[in-house]
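Peer 1: Got a structure for you, written out below as structure tokens; questions coming shortly.
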Amino acid sequence: MIKQVSDNLHANDNVDNTEEQAIFSGLPGSVFFQAVEHAPIAISITDLSANIIYSNQTFSRETEYSKEDVLGKNESILSNHNTPRIVYESLWGRLTQQKPWEGVLVNRRRDGKRYLAELMVAPVLDENNKTINYLGMHRDVTELHMLQQRVQNQKEMIEKVLDAAHTSIVLMDQANRVVLDNIAYKTLATDIAPIEPGALFLSKLKEDLGADFNQQKLKPGETIAGHEVTLEVGKGKQHRIFSCDYSIVGIGDESADGFFSNPVQNYQMLVIKDITEMRHRERLEHMNAMQLLIAEEESVYHLREALSGAMFKFQQPLNLMSAAVRMLEQSAAGTELSAEKIVDVLKEAIQIGQDTCSMLEGVVPQGKPRSFGSININEVLRNVLEFSTSRLLRNGIQVVWLPSVYVPAIKGRESRLHSMFKQLVDNAIDVIEMERPSRREIEITTRVEREEIVVSVADTGPGIQEAMITKVFEPFFSTKSNYTPTSGRGMGLTLAQEVVTEHCGTVSIDPKYKDGCRILVHLPIDAREG
């Protein structure tokens, strides 16, 4: 066999034994032959017409053609029409230039099954630099191609799924450099530009969570979930709320150095969801529910006010009759029979009146007790202003809203505080609506003083005379000309007094304010449920 191959390869050569020994570098020809024959890659040698003059054992295993089947046959017996013609043209073009060619062909085995062959063809040159044969080596890379294609398909599917998601997803290295992101993240980056969103959200997490945000202690798979971040985004500083998840993702080292040790490099993944609309809907629902509660409390309060007014008026004749009885009993003429009868009648009237008052007191609704919760006063006042928007616009009243940048949450009854501040704003609107001053303005401010939150509600009406400052907090007293005890008005400041007392606070009228009336509400930050 060695002689046959050698004869075929050197049929037109004048190579003597010494030169051939030099080619083998001192190795016996049998060693060279066995190395080629048992090489784990399919090897074939052809003449210049691509007719096979030698093939090794691996060639036979790969193609299922025996040596006898292929000797003298053209390499085209392995070709399949799936391989584009331009590939073969490229192959022969390289060989004509005496250059090797590498590429992948679709080959066909003896049984007709197709496989992918990674092929390298090189010209064999003699000492005169003339091409005398072609050496071909190929291996079956079908499974490798399938694996690569599967990985590529999965990569594309993952990218499409990520890009289809409305949630921003970004993967960053430990230096906060973006490694992978999706379209939603790119859109967010455009909105927040020039700041990188990933770095911005990481800084917000560190700022909000403090010591609880320890990136070094987080292990791959652990997540900080659902932390809300509020940003003023875009040129118009649009108020947007995001829910942010942070986790560590361990990725294996792809370099050759990590083949055996398989080190893991940690990456940071942020999943950012815009929940602005959801929070807006929740706020609207909360405000609608709060409006219903306020309307219910106002209805109950007005009913209590009317009944209390009726009892107040009813008590006056009872007081007069009681006085008459005492006078008759103390009179010297009280011993006369007619006087006794008068006394008995008056006593009976008093008893009936007292029974009636007791009955009225029994039907006065007390309202449902509300539990204390954590409340942001700025948020309460914003809601009250929204509730009153239509009245403010109808009367051309300008609102000057000056909230403190930060007010701590207090413990309180949310609906009661809403009702109280709405009553104060309604009173201010009523005054401006009736008096029609040239400057129509309501100023509302909040500030923190020591351990209290101070709320100021000021209007540009005529104000309250200093002598009246304490009387306006009495039930059924009003500076409004159309007030009657049963009209459902006039207890606004009484209500305010009642609510702030529930919250261990105080309400007062500022006597130094000369541009109208200013009411000051002091609410302690550490108020406890009473």
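The values are calculated or read from the model by the stated rules, or taken from the named source; none is laboratory data. These numbers were taken from a predicted model, which means no experiment stands behind them. Neighbour counts are summed over all protein chains in view; Cβ atoms, including those assigned to glycine, are modelled from backbone coordinates with ideal geometry.
Peer 1: Anything in region 23-44 that is of a type in the set (Gly, Ala, Ser), outside any loop (DSSP other than H, G, I, E, B) and farther than 18 Å from Leu119 by Cα? List them, or say none.
Peer 2: Hits for region 23-44 are Gly29, Ser30, Ala35.
Peer 1: For region 176-187, check the following and say yes or no: at least one residue is exposed (fewer than 11 other Cβ atoms within 10 Å of the Cβ) and either modelled with pLDDT under 85 or not in a loop (DSSP other than H, G, I, E, B) (or both).
Peer 2: No, region 176-187 contains no residue that is exposed (fewer than 11 other Cβ atoms within 10 Å of the Cβ) and either modelled with pLDDT under 85 or not in a loop (DSSP other than H, G, I, E, B) (or both).
Peer 1: In addition: Could you say which residue among Val87, Val5 is at pLDDT below 95 and within 60 Å of the chain's Cα centre (by Cα)?
Peer 2: After applying the criteria, what remains is Val87.
Peer 1: Suppose the filter is over 14 Å from Leu520 (Cα atoms), at pLDDT below 90 and touching a helix residue (DSSP H, G or I) at 6+ places or on another chain (Cβ under 8 Å); does Glu466 pass it?
Peer 2: Spelling it out, it is not the case that Glu466 is over 14 Å from Leu520 (Cα atoms), at pLDDT below 90 and touching a helix residue (DSSP H, G or I) at 6+ places or on another chain (Cβ under 8 Å).
Peer 1: Looking only at region 189-218, which residues are among the small types (Gly, Ala, Ser) and at pLDDT 85 or above? Lay out the reasoning, then the answer.
Peer 2: Filtering region 189-218 for residues among the small types (Gly, Ala, Ser) gives 189, 193, 198-199, 203, 210-211.
Passing the criteria: Ala189, Gly198, Ala199, Ser203.
Peer 1: Quick one: is Arg439 out of contact with any Leu (no Cβ under 6 Å at 6 or more places or on another chain) and either aromatic (Phe, Trp, Tyr) or loosely packed, with under 14 Cβ neighbours inside 10 Å (or both)?
Peer 2: So Arg439 passes the test.
Peer 1: For the condition aliphatic (A, V, I, L, M), surrounded by 16 or more Cβ atoms within 10 Å (Cβ to Cβ) and in contact with a Pro (Cβ under 9 Å, 6 or more places away or on another chain), what is the one hit in Leu119, Leu202, Leu171, Leu135? Spell out how you get there, then give the answer.
Peer 2: Working: Leu119 fails: in contact with a Pro (Cβ under 9 Å, 6 or more places away or on another chain); Leu202 fails: in contact with a Pro (Cβ under 9 Å, 6 or more places away or on another chain); Leu171 fails: in contact with a Pro (Cβ under 9 Å, 6 or more places away or on another chain).
Of the residues listed, the single one that is aliphatic (A, V, I, L, M), surrounded by 16 or more Cβ atoms within 10 Å (Cβ to Cβ) and in contact with a Pro (Cβ under 9 Å, 6 or more places away or on another chain) is Leu135.
Peer 1: Looking at region 425-443, which of its residues are of a type in the set (A, V, I, L, M) and in contact with a helix residue (DSSP H, G or I) (Cβ under 6 Å, 6 or more places away or on another chain)?
Peer 2: Val425, Ile429, Ile442
Peer 1: While we're on this one: Of a type in the set (Val, Ile, Thr) and outside any loop (DSSP other than H, G, I, E, B): is that true of Ile195 in this structure?
Peer 2: Criteria not met by Ile195.
Peer 1: Considering only residues of region 371-425 that are surrounded by fewer than 19 Cβ atoms within 10 Å (Cβ to Cβ), over 22 Å from Glu449 (Cα atoms) and among the charged types (D, E, K, R), which is farthest from the chain's Cα centre (by Cα)?
Peer 2: Arg394
Peer 1: If I filter region 133-143 down to residues being of a type in the set (A, V, I, L, M, F, W, C) and outside any loop (DSSP other than H, G, I, E, B), which single residue comes out as nearest to Asn56 (Cα to Cα)?
Peer 2: Of region 133-143, the ones of a type in the set (A, V, I, L, M, F, W, C) are 135, 137, 141.
Among the residues that remain, those that are also outside any loop (DSSP other than H, G, I, E, B) are: 135, 137.
Numbers: Leu135: 12, Met137: 10 Å.
The selected residue is Met137.
Peer 1: Among the residues of region 45-69, count how many are touching a residue at least 40 places away in the same chain (Cβ under 8 Å), of a type outside the set (S, T, N, Q) and assigned to a helix (DSSP H, G or I). Please lay out each step first, then the result.
Peer 2: Going residue by residue through region 45-69, those that are touching a residue at least 40 places away in the same chain (Cβ under 8 Å) are 45-48, 50, 53-54, 62-65, 69.
Filter once more, keeping what is of a type outside the set (S, T, N, Q): 45, 47-48, 50, 53-54, 62, 64-65, 69.
If we keep only those that are assigned to a helix (DSSP H, G or I) as well, we get 62, 69.
The total comes to 2.
Peer 1: If we keep just the residues of region 270-288 that are assigned to a helix (DSSP H, G or I) and touching a helix residue (DSSP H, G or I) at 6+ places or on another chain (Cβ under 9 Å), which is modelled with the lowest pLDDT?
Peer 2: Residue satisfying both the conditions and the ranking: Met287.
Peer 1: Filter region 90-132 for residues that are part of a loop (DSSP other than H, G, I, E, B) and out of contact with any Phe, Trp or Tyr (no Cβ under 8 Å at 6 or more places or on another chain) and give the result. I'd like the intermediate steps shown before the answer.
Peer 2: Initial filter on region 90-132 (part of a loop (DSSP other than H, G, I, E, B)): 97-100, 109-113, 126-130.
Selection gives Gln97, Gln98, Lys99, Pro100, Asp111, Gly112, Lys113, Asp126, Glu127, Asn128, Asn129, Lys130.
Peer 1: Turning to a different aspect of this structure: For region 153-173, give me each residue that is assigned to a helix (DSSP H, G or I) and at pLDDT 90 or above.
Peer 2: Asn153
Table: residues versus (1) within 24 Å of Leu381 (Cβ to Cβ); (2) in a loop (DSSP other than H, G, I, E, B); (3) at pLDDT below 90.
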| residue | (1), (2), (3) |
| --- | --- |
| Asn427 | yes, no, yes |
| Val457 | yes, no, no |
| Phe476 | no, yes, yes |
| Ser487 | no, yes, yes |
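Peer 1: Right, here's the next one. Would you confirm whether any residue within region 242-259 is assigned to a helix (DSSP H, G or I) and either surrounded by fewer than 16 Cβ atoms within 10 Å (Cβ to Cβ) or at pLDDT below 90 (or both)?
Peer 2: Scanning region 242-259, I find at least one residue that is assigned to a helix (DSSP H, G or I) and either surrounded by fewer than 16 Cβ atoms within 10 Å (Cβ to Cβ) or at pLDDT below 90 (or both), so the answer is yes.
Peer 1: Shifting gears a bit: Ser79 versus (1) farther than 24 Å from Ile132 by Cβ; (2) touching a residue at least 24 places away in the same chain (Cβ under 8 Å); (3) among the hydroxyl-bearing types (Ser, Thr, Tyr): which is the lone unmet condition?
Peer 2: (1)
Peer 1: Take Ser60 and decide whether it is polar (S, T, N, Q), assigned by TED's automatic domain parsing to the domain that holds Leu119, within 15 Å of Ile45 (Cβ to Cβ) and out of contact with any strand residue (DSSP E or B) (no Cβ under 7 Å at 6 or more places or on another chain).
Peer 2: It is true that Ser60 is polar (S, T, N, Q), assigned by TED's automatic domain parsing to the domain that holds Leu119, within 15 Å of Ile45 (Cβ to Cβ) and out of contact with any strand residue (DSSP E or B) (no Cβ under 7 Å at 6 or more places or on another chain).
Peer 1: Kindly evaluate Arg108 against the criterion of being under 19 Å from Glu143 (Cα atoms) and either touching a strand residue (DSSP E or B) at 6+ places or on another chain (Cβ under 6 Å) or surrounded by 15 or more Cβ atoms within 10 Å (Cβ to Cβ) (or both).
Peer 2: In short, yes.
Peer 1: Collect the residues in region 253-294 that are touching a residue at least 40 places away in the same chain (Cβ under 8 Å) and hydroxyl-bearing (Ser, Thr, Tyr), keeping them in residue-number order.
Peer 2: Tyr267
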